[in-house]
């Protein structure tokens, strides 16, 4: 077979997913890096992937576009990625998306099917966790045998996702905490929203399967304040979630809450998760990131399968899952506040500043 682009030995992974999906992908990146002993280049979309993955162990060049679903003739980002991939060259490629929306990017870049391993040809096994699937998938080689691969000692690669926190991130976080008079306080984190919360709008939160009523969050917040009187409690989120957090803080009426959803770029969020003693969250990207840095957490699950999406980090932090049912079906609205309080009471927090 003759390639229409130069050959590149570095592995390429294509994953256009949400924030949590990209954290989970680190399980694949780490195996490919061990097999090739070369950085893994990433094709991705969205504003979160590059700041999340840049500088992470085993990550090479990141080819990022705003959306893979925009018509090609309208997307300058897609055209740029195609040019960059052609200049990079074709080689062993792991296509990790469940749909084919990003497939034309590879075709236009001259990467042939013989170089590609497609996850749709290697479906999830019964009971398999997402990180286990990526770990298995990374060991499958394309039909066009890559030159640089060797059999890695898979047992030496800890299962789960992993995020490294750079010293520069810790320094920046320390200055940020100092500016907010939080430098010397132990920290607890709360993530009540998710991408569906904001996508559907605050007035339509009841149709969100990761929605838990503010009244219940307020009750849990009152418990946290009573149980941890010296801790600062930080309300996480993205900019649009600031108003949601503000409503919660007003409803709870407790002291020592800090709504930081308007001031959390991803590198700072990761460093904050690394610094905090614990996190209470819905099933979300920050929950996976917390697992990646070893932050203990309580996670509320709705319809998603914990067997597939339970936060799982290489550091093995404590994770307490809380699930509920309504009319015999998994539903976050079936979770009682007492169950969340009991789960938090069982959680072993880590020492402040770890």
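The selection criterion, being buried (at least 22 other Cβ atoms within 10 Å of the Cβ), in contact with a strand residue (DSSP E or B) (Cβ under 8 Å, 6 or more places away or on another chain) and more than 19 Å from residue 177 (Cβ to Cβ), does not hold for residue 234.
Restricting region 207-224 to residues that are over 16 Å from residue 247 (Cβ atoms) and surrounded by 18 or more Cβ atoms within 10 Å (Cβ to Cβ), the residue that is modelled with the lowest pLDDT is 210. In the set (1) closer than 17 Å to residue 26 by Cα; (2) part of a loop (DSSP other than H, G, I, E, B), the condition left unmet by residue 127 is number (1). Picking from residues in region 155-171 that are in contact with a helix residue (DSSP H, G or I) (Cβ under 7 Å, 6 or more places away or on another chain) and over 19 Å from residue 313 (Cα atoms), the one that is surrounded by the most Cβ atoms within 10 Å (Cβ to Cβ) is 169. Checking each residue in region 272-287 for being in a helix (DSSP H, G or I) and buried (at least 24 other Cβ atoms within 10 Å of the Cβ) picks out 272, 273, 285, 286, 287.
Of all the residues in region 17-26, those that are in a loop (DSSP other than H, G, I, E, B) and buried (at least 23 other Cβ atoms within 10 Å of the Cβ) number 1. Taken together, the criteria exclude residue 315 from residues that are in contact with a strand residue (DSSP E or B) (Cβ under 6 Å, 6 or more places away or on another chain) and farther than 25 Å from residue 229 by Cβ. Of the residues making up region 150-171, those that are assigned to a loop (DSSP other than H, G, I, E, B) and closer than 19 Å to residue 26 by Cβ number 11.
Put simply, of 42, 29 the only residue that is within 14 Å of the chain's Cα centre (by Cα), crowded, with 17+ Cβ neighbours inside 10 Å and within 27 Å of residue 285 (Cα to Cα) is 29.
Among the conditions (1) assigned by TED's automatic domain parsing to the domain that holds residue 287; (2) buried (at least 18 other Cβ atoms within 10 Å of the Cβ); (3) under 30 Å from residue 216 (Cα atoms), the only one that residue 180 does not satisfy is (2).
Taking the numbered list (1) buried (at least 21 other Cβ atoms within 10 Å of the Cβ); (2) in contact with a strand residue (DSSP E or B) (Cβ under 7 Å, 6 or more places away or on another chain); (3) over 19 Å from residue 238 (Cα atoms) in turn, residue 60 passes all entries but (1).
Kindly indicate whether any position in region 72-87 is at pLDDT below 95, loosely packed, with under 14 Cβ neighbours inside 10 Å and not in a helix (DSSP H, G or I). Within region 72-87 (the criterion being at pLDDT below 95, loosely packed, with under 14 Cβ neighbours inside 10 Å and not in a helix (DSSP H, G or I)), the answer is no, since none of the residues qualifies. Has region 144-154 got at least one residue that is surrounded by 16 or more Cβ atoms within 10 Å (Cβ to Cβ), closer than 18 Å to residue 33 by Cα, within 26 Å of the chain's Cα centre (by Cα) and not assigned by TED's automatic domain parsing to the domain that holds residue 290? Yes, because at least one residue in region 144-154 is surrounded by 16 or more Cβ atoms within 10 Å (Cβ to Cβ), closer than 18 Å to residue 33 by Cα, within 26 Å of the chain's Cα centre (by Cα) and not assigned by TED's automatic domain parsing to the domain that holds residue 290.
The values are calculated or read from the model by the stated rules, or taken from the named source; none is laboratory data. Note that the coordinates shown come from a computational prediction; the quantities given were computed from them, not determined experimentally. Methodologically, a virtual Cβ is constructed for each residue, glycine included, from the backbone with ideal geometry; neighbour enumeration extends over all protein chains shown.
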